Amino acid sequence: MDLAEDDQVAAFRAEVRQWLAAHAPATPLPSVDTAEGFGLHRAWEAELAAARLSVVSWPEQYGGRGASLLDWLVFEEEYHAARGPVRVGQNGLFVLAPTLFAHGTPEQRSRILPKMATGEEVWAQAWSEPEVGSDLAAIRSRAARADGGWLLSGQKTWSSRAVWADRGFGLFRTATGDRRHDGLTYFLFSLRSPGVTVRPIAQLDGEAGFAEIFLDEVFVPDADVLGAPGDGWRIAMSSAGHERGLTLRSPGRFSAAAARLVELWQRAGDPADSALADRVADAWIGARAYQLRALETASQPGAGGFHGTGTPAPAPGRARLADSAAAGSGSGRTSLDRGVVGRGAAGGRPAADSSLGKVFWSELDLALHDTALELLGADAELAEGPDAGWLAGYLFALAGPIYAGTNEIQRTVIAERLLGMPR
Amino acid sequence: MSFVLAAEQLQFAEALHDQLAAADVPAVARQWAAGDRKRGQALWYSLAEAGVAALAVPQRWDGLGAHPADLVIACEELGHHAMPGPIAESLAAVPTLLAVLAGTDEPAADERIAGWLRQLAAGDLIATIAWPPLLPYAADAQLAGLVLVAGPDWVKLAEPGPGLRSVQAGRSLSIVTGKELLAHGAAAAIQQAFEFGVLAGAAQLLGAGRALLDCATAHAVQRTQFGSPIGSFQAVKHQLANVLIALEFGRPLLLAAAVALADDPAGAARDVSAAKVACTDAARLAARVALQVHGAIGYTAEHDLSLWLTLVRAVGPAWGSQRWHRARVLAALAGGS
């Protein structure tokens, strides 16, 4: 058991670090949620892609390097340590792409992924609706059969990046049946098609980070159905772990923020304020725990190329806790007797496992930024200036416990699927 | 890099779990608390036969010289079953200290030390230690065959004062008086022993946290109110989920601390303290939630839950307070590690 980096990983880390030192913007780009900023972020994606660094974990044929999960974690660490720009294509890169690898056709992959890798096509998610948030299966937007395809109608909302993005993905109802999870279909559609209206929504920070999408008989060809019609719920859920887990919020992001928090503490902290010192230490410990758990996952057999070859199974060490508890349906004493038996991964475990990570990283992100703002004292209010990144980061972090499935939904999933609590 | 337990290590954990489950440790712990330590000492001896007491003893003194991760596995399982006794002291801190003091010279500098190491490995000797002010009391000194006290750079044989009762029934805490000087100029050995004691305590706490979650989930499925198992209520589910999250993210810190101790004991302070902070917090959360889920029945001394609730309260503050360990993490980070 060791945490030492081998030569290959160290060489990759050095390459990424050098490249970023030479290419990463010295000052932050304008906000990605402005027209100018969006364009500059898109251009940055192209620059990353030219160095084959935009999607290192993807197979080479789509613009990646077939990198292992470990290499990807290393890339992310370096990227965030270098304060690399927000990934404008993240909804496509981290949510849609894993779904395409798992359920897309070869034609869809080769048509969609290369353009996603360069930022030529930026994707927006279209899950929520005005009346549908946590209860996603209650979707009302629908798709009707048309010649050679479908006509999408309805309204989607809280669609990140949709104001300037090119294409969207989401679930639409194609049939009504006894079970509402049936009859949903996963569609890919152009945000520029006739019948699409996008209305920006100003976020808490005043910027148009998300939008409403109105669809009025928008034609989508059959080639842009992901998976089989009616199978959308299963497809969306099978890769939901990607949306809330490691790929969406990599450990590198929090390790970098924790390192900066410790620097801020050394610069601005009152050594006598042990309560605040405790919070700084806890935030760093949390970021380290998130990083280590990812390394544990990356050490699993089969964690090699993680895109295109499925999600690695959770570590046996972690499955143990959950199985132990799930086995404990007898009396207090006998639950212990069966404590560590049955370590095998049960169905649905990866998705439920990612729920643990989602609650953890979103709470950690808030704790990191809240602690930094506390350290800044009166300057914490400033929305401009050298330390304003903490405020922006805090406002961003506030959304974490809400999006990608609220933390309440995640806790329910954890209790039911990992701890065996009755519905 | 391979940050994952090997198959043999998982088997070791499972075998230990089976052995402890068969031994009915809660009953043993209750007899132990009532002053009858026969079954407890027999269990200690049979655990030693399984190798538990020899993990931190080098091979040259008939030990296993195991990786610190193996010690984590063992101590976690002992905490999982609420095994009584001076576990962090006798299985981790004292053998680590004596092993460094015994050195690598042939013959050993002090034949007595070599003898104690052999006895510890065989389960024939139970040892305890105090290191004031950080570790002011020697735990379970009354039943220990070897009681030590350490200072900044010296180690002495010690005589225990009267045993003060711990919150954990059957556990006692003694102020000790140093007698014969055993070693001086031993600051590095003492530091290393301390790190291993902290690691073992943290592992015990994580194991206890797991047991508390096991008991709480079992009860939540079984106990019916308002016509439904209480585990179907979101207020209960979400609290249990928080416990699982805390435990799941505590274990990697514990294993990283073990790796750090294997690689460089002198540079492991940051990782050892991080593990202790996270495992103590996780165990305390598990204790609070497990009690809340059990309701009044969990508040009774009669219910076995009390064994783990008091274990967490006893081992949590030993081996350095949360504030002390958090400060040490920050100090290590400021030092650039």
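Tabulated results
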read-out	value
Pairs of alpha carbons in region A:1-59 whose separation is greater than 18 Å (percent)	50
Hull shadow area, averaged, region B:1-64 [alpha-carbon convex hull, nm²]	5.9
Net charge dipole size for chain A [Lys, Arg +1 and Asp, Glu -1 on Cβ; Debye, nearest 20]	1340
Average beta carbon contacts from partner chains per residue of A:285-297, 10 Å cutoff	6
Principal semi-axes in Å for region B:117-231 [√(5λ), Cα gyration tensor, largest first]	39, 16, 13
Shape call, region B:213-281: gyration tensor on alpha carbons, a/c limit 1.5	prolate
Inter-part distance where region B:70-120 and region B:286-319 are each reduced to a Cα centre, Å	28
Averaged over B:7-18, number of beta-carbon atoms from partner chains that fall within 10 Å	3
Distant-in-sequence amide H partners of B:Leu182 (H built 1.01 Å from N, under 5 Å)	B:Val155, B:Lys156, B:Leu157
Computed FRET value (nearest 0.05) for A:Ala144 with A:Ala22, which takes r as the C-beta separation and R₀ as 56 Å	0.60
Fluctuation leader among B:Val315, B:Val155, B:Val221 - chain B, Gaussian network, Cα springs under 10 angstrom	B:Val221
Inter-label distance, nm, simple model (7 Å from Cα along the C-beta direction), A:Asp379/B:Arg313	4.5
Residues B:Val272, B:Val289, A:Val359 arranged by fewest to most Cβ contacts within 10 Å	B:Val289, A:Val359, B:Val272
Top of B:Phe233, B:Phe194, B:Phe12 by mean-square fluctuation, Gaussian network on chain B, Cα under 10 Å	B:Phe233
Extension gain from B:Ala235 to B:Arg112, taking 0.36 nm per residue of separation minus the Cα-Cα distance	38.5 nm
Packing-based exposure ordering (other Cβ within 10 Å, fewest first) of B:Met1, A:Met1	B:Met1, A:Met1
Qualifying lysines (Cα of each under 20 Å from Cα of B:Lys237; at least 8 residues distant if same chain)	A:Lys358
Calculated over chain A: convex hull of Cα atoms, volume per residue (Å³)	158
Shielding score for B:23-31, defined as the mean number of other chain Cβ atoms within 10 Å	1
Alpha-carbon centroid distance for the pair region A:122-184 / region B:143-190, whole angstrom	68
Folded to 0 to 90 degrees: helix B:68-80 orientation relative to chain B principal axis, Cα	40
Kirkwood Rh, Cα atoms: Rg over Rh of region A:124-236	0.96
Sorted by Cβ neighbour density within 10 Å, fewest at the top, the residues B:Lys38, B:Lys276	B:Lys38, B:Lys276
Fluctuation leader among B:Tyr137, B:Tyr45, B:Tyr299 - chain B, Gaussian network, Cα springs under 10 angstrom	B:Tyr299
Per DSSP, loop chymotrypsin sites (Phe, Trp or Tyr not before Pro) in region A:49-154 with at most 14 further Cβ within 10 Å	none
Residue-by-residue Karplus 3J(HN,Hα) for region A:208-214, coefficients 6.51, -1.76, 1.60, Hz, glycine and proline x	7, x, 9, 8, 8, 10, 9
Long-range amide H partners of B:Val176 with built H, under 5 Å	B:Ala138, B:Gly161
Per-q log10 I(q)/I(0), region B:190-334, q = 0.08, 0.12, 0.16 Å⁻¹ (Debye; single scatterer per alpha-carbon; no solvent)	-0.25, -0.51, -0.79
Helical segments meeting 27 Å axial Cα length and Kyte-Doolittle -1.0 threshold in chain A (DSSP H)	A:274-298, A:349-376
Lysines with Cα under 21 Å of B:Lys179, excluding same-chain neighbours fewer than 8 positions away	B:Lys156
Cα long-axis angle, helix B:187-222 against chain B (0 to 90 degrees, to the nearest 10)	20
Column: log10 I(q)/I(0), Debye, Cα scatterers of chain B, q = 0.12, 0.15 Å⁻¹	-0.80, -1.26
Virtual spin-label span in nm between A:Ala275 and B:Ser228, 7 Å along Cα→Cβ	3.8
For chain A, calculated [θ]222 nm from helices alone, where every DSSP H run of n ≥ 4 adds -39500 (n - 2.57)	-14000 deg cm²/dmol
Longest to shortest principal axis, alpha-carbon extents of region A:344-423, angstrom	51, 21, 18
Inter-probe distance in nm under a simple model that places probes 7 Å from Cα toward Cβ, at B:Asp124 and A:Arg199	8.5
Only Lys, Arg (+1) and Asp, Glu (-1) charged, at Cβ; chain B dipole about Cα centre in debye	1260
Cα-based shape type of the protein assembly as shown, given that a ≥ b ≥ c are square roots of the gyration tensor eigenvalues and the cut on a/c is 1.5	prolate
Efficiency of FRET from Cβ geometry, A:Arg13 and A:Glu60, R₀ 25 Å, rounded to 0.05	0.80
Largest to smallest principal axis extent of the C-alpha atoms in region A:32-111, angstrom	34, 29, 21
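The numbers here are math on the coordinates, done by the rules we state, and not lab data. Bear in mind the structure is a predicted one, so any value in this text is a computation, not a measurement. For neighbour counting, all protein chains shown are included, and Cβ atoms are generated from backbone atoms with ideal geometry for every residue, glycine included.
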